[in-house]
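Here's the structure, in structure tokens; my notes come after.
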Amino acid sequence: MIVTVTYNPAVDQTIQFDEQMAPDRVMRAEDAQFDAGGKGINAAQLLTAMDRPCVATGLLGGFTGTFIRETLQDDGVETAFVDVDGTTRLNTTAIAAAEEYKLNQAGPTVGESVVDSLLEQVRAQSPDRVLVGGSLPPGLSPDAIDRIAAGGDWETIVDTGGDILRELDAQYGLCKPNRAELGDATGADVSTVEGCADAAEAFRERGFDRVLASLGADGAVLVGDAGRLYAEALDIDVVDTVGAGDALLSGVLSAWEAGADDETALQTGVAVSSQVVQRAGTAVPDLSDIETLRDNVTVRRL
Ligand SMILES: Nc1ncnc2c1ncn2[C@@H]1O[C@H](COP(=O)(O)OP(=O)(O)OP(=O)(O)O)[C@@H](O)[C@H]1O
Ligand SMILES: O=P(O)(O)OC[C@@]1(O)O[C@H](CO)[C@@H](O)[C@@H]1O
């Protein structure tokens with residue numbers, strides 16, 4: 001069973017324009033939507049859609065927190081959130097012509113005592129795996145993630161920025177940097193797939209059993225004791241890439257939960273992310289056919 005921890009959830013607002021962004025005038029949108037977001041919450045929604053037992057925890061507050069709580073309840077996602085005084089943030093993705101603008105708020109300031117409250121929620125679920133996803137709100141340091149990792153007998157997976165990854169001290173089952181985050185975390189040249197695999201391999205020594213590097217349109221690399229695996233991305237029509245990394249990770253975790261090997265897990269991850277990027281925002285696509293779709297993904301050893 002997986003518990004996801006989102007210290008800094010968000011309502012994701014996605015606004016679509018037919019024309020390019022321009023300053024000093026009113027832009028009129030063609031379409032707009034709100035989704036419950038934050039990396040761990042996205043993963044919990046996707047895992048639930050793939051019938052994997054999962055509980056979403058994290059910090060919620062204000063009217064945006066209420067929206068997230070109600071959306072997850074409607075989607076049948078099990079939750080165990082901790083209430084905070086501030087208001088959960090609202091992040092905006094503007095899709096204008098072919099360009100994507102991501103505008104993320106910092107989130108409400110919280111006190112360190114929230115880590116104890118969250119740990120209590122996590123322990124109460126007795127999970128096998130815990131995924132800590134997303135940025136930290138003001139008031140918390142990377143120690144908040146280390147404390148979750150060291151707080152019980154579970155494997156911890158972490159999906160956060162390169163600056164935070166670099167500062168973690170505990171032992172982790174996996175981290176999931178994207179290309180820029182891998183570059184930030186390691187300082188290595190990540191301009192080629194091979195360079196990314198080298199950087200991921202070297203980064204394992206910092207306390208990560210496996211590194212899953214997501215490379216956008218170039219696919220993904222999974223490096224661990226079983227070797228270096230590379231999956232090409234599928235050739236698809238992308239609407240926006242918000243939540244693409246969460247989808248890749250959810251597919252991998254879903255397959256591992258079902259007992260699959262790393263190769264099948266990577267195929268599943270790429271298949272799930274391909275479904276997500278073909279839809280606007282972080283809405284959950286139909287994943288009932290994912291075990292068939294993953295056969296379209298080619299994995300090779302580097
Ligand atoms: N342009 C694309 N074409 C095909 N697949 C894509 C494209 N962009 C992303 N993907 C798929 O999504 C996966 C994750 O993408 P990416 O590396 O952009 O994640 P990310 O930067 O962590 O995203 P986010 O932080 O928004 O969740 C890729 O490994 C790939 O399978
Ligand atoms: O600011 P963070 O925590 O790094 O990222 C938050 C976020 O952009 O990531 C998700 C997509 O991966 C969105 O649901 C959410 O708004």
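Any read-out appearing in this document is the output of simple, stated calculations on the displayed coordinates, not a laboratory observation. Just so it is clear, the structure is predicted and the values come from calculations on it, not from any experiment. Please note: Cβ atoms are built from the backbone with ideal geometry, for glycine as well, and neighbour counts cover all protein chains shown.
When only DSSP loop residues count, what GluC sites (Glu not before Pro) in the range 44-147 have their Cβ near at most 13 other Cβ atoms within 10 Å? Present the calculation step by step, with values, prior to reporting the outcome.
Numbers: sites: Glu70, Glu78, Glu99, Glu100, Glu112, Glu120; in loops: Glu112.
For GluC sites (Glu not before Pro) across the range 44-147 that sit outside H, G, I, E and B with at most 13 neighbouring Cβ atoms in 10 Å, the list reads Glu112.
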What order, most packed first, do the peptides 1-12, 129-140, 20-31 have when packing is the mean number of other Cβ atoms within 10 Å of each residue?
1-12, 129-140, 20-31
So, relative contact order of the chain in percent, Cα under 8 Å, 6 or more apart, is 16
Which order do peptides 288-294, 161-167 fall in by mean Cβ count within 10 Å, highest first?
161-167, 288-294
Report the Stokes-Einstein translational diffusion coefficient (µm² s⁻¹, integer) for the range 35-102, Rh taken as the Kirkwood radius over Cα pairs, at 20 °C with viscosity 1.002 mPa s.
166
Please report the antiparallel percentage of DSSP beta bridges with both residues in the range 19-161, rounded to the nearest 5.
35
Of Cys175, Ala200, Gly151, farthest towards positive along the dipole that unit charges on Lys, Arg, Asp, Glu beta carbons give the range 93-219
Gly151
Once the dipole of the chain is set up from charges on Cβ (+1 Lys and Arg, -1 Asp and Glu), the residue from the list Ser288, Tyr7, Thr66 lying farthest towards its positive end is Tyr7
When Trp154, Trp256 are ranked with the fewest other C-beta atoms within 10 Å first, the list becomes Trp154, Trp256
Per-selection metrics, the range 165-239 (Cα): Rg and Dmax in Å:
12.1, 39
Which of Arg123, Arg179, Arg52 ends up with the largest GNM mean-square fluctuation for the chain, with Cα atoms connected below 10 Å?
Arg123
Might you report the magnitude of the Cβ-based charge dipole of the chain about its Cα centre, with Lys and Arg at +1 and Asp and Glu at -1, to the nearest 20 debye?
280
Could you check what % of the DSSP bridge pairs in the chain are antiparallel, to the nearest 5?
45
Give the relative contact order (percent, whole number) for the range 1-144; include only Cα pairs under 8 Å separated by 6+ residues.
34
For the range 57-169, the Rg and Dmax computed from alpha carbons only, in angstrom
15.2, 48
Considering the dipole of the chain built from charges on the beta carbon (Lys and Arg +1, Asp and Glu -1) around the Cα centre, which of Gly133, Ala247, Gly227 is farthest to its positive end?
Gly133
So for the chain, considering every pair of alpha-carbon atoms, how many percent are separated by more than 32 Å?
21
Taking the chain and counting helices only, DSSP H stretches of n ≥ 4 at -39,500 (n - 2.57) each over all residues, the nearest-500 ellipticity at 222 nm comes to -10000 deg cm²/dmol
Just the number, please: percent antiparallel of the DSSP beta bridges in the range 147-265, rounded to the nearest 5.
60
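Set the Förster distance to 45 Å, then compute FRET efficiency between Thr87 and Ser191 from the Cβ-Cβ distance, nearest 0.05. Before the final figure, lay out the partial values.
Details: r = 40 Å, r/R0 = 0.89.
Efficiency, from the Cβ-Cβ distance: 0.65.
How big is the Cα convex hull of the range 127-212 in projection, averaged over all directions, in nm²? Mind dumping the intermediate values first?
Values: hull surface 21.0 nm².
Across all orientations, the range 127-212 yields a mean hull projection of 5.2 nm².
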Whole-angstrom gap from the range 232-301 to the range 155-182, using each part's C-alpha centre
20
